[in-house]
Structure formats: C-alpha cells, structure tokens
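Trainee: This is the structure I have questions about; it appears just below.
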Amino acid sequence: MGDLNDLLEPGMRVRHPTLPEWGIGQVQSNIGGRITVNFPEAGKVVIEGSQIDLIPVFDQSGR
C-alpha cells in the first residue's frame, strides 16, 4: 500500500476507498506519508498513506 499515495500532491483530487460518502476531496499536503485531504462531507482529514490507498480522481465526473 501507499505507492500511488507517494505521487499525490497538493491540489490533486481524491476519493477515500471505503468512505465514498465523503465525496471528492482535495489534497492539502503529503508529508512523510501523512496525507491531509479536505473532503466536502468530512472536512479536513489526515490519512496515513501506509494504511489507506486513496483513489485519484482525474475528471469532473468523479472517475
């Protein structure tokens, strides 16, 4: 886990793999494997990148 998370940069959009109800979040920071994401339905959340693989979102429809 975590290899793709290493590529996440501030401004990128992501989904949480097990909490889709949080919506599409925007990466705020990625420091030492700890990824801070601002989700519309959950607020600012710190994700431990070694435990959870976030799903990058590349288009406006959320895919």
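Values quoted throughout were computed directly from the atomic coordinates according to the rules given, and no laboratory measurement underlies them. Since the model is a prediction, treat every value here as computed from it, not as a measurement. Ideal geometry is used to build each Cβ from the backbone, glycine not excepted, and the neighbour counts take in all protein chains shown.
Trainee: Go through the stretch 12-63 and report how many residues are not aromatic (Phe, Trp, Tyr) and not in a strand (DSSP E or B).
Mentor: Matching residues across the stretch 12-63 total 25.
Trainee: Do you know which residues across the stretch 1-11 are part of a loop (DSSP other than H, G, I, E, B) and either surrounded by fewer than 17 Cβ atoms within 10 Å (Cβ to Cβ) or out of contact with any strand residue (DSSP E or B) (no Cβ under 9 Å at 6 or more places or on another chain) (or both)?
Mentor: Hits for the stretch 1-11 are Met1, Gly2, Asp3, Glu9, Pro10, Gly11.
Trainee: Give the stretch 26-51 a look and list any residue that's more than 10 Å from the chain's Cα centre (by Cα) and of a type in the set (A, V, I, L, M), or say none.
Mentor: Answer for the stretch 26-51, where residues must be more than 10 Å from the chain's Cα centre (by Cα) and of a type in the set (A, V, I, L, M): Ile31, Ala42.
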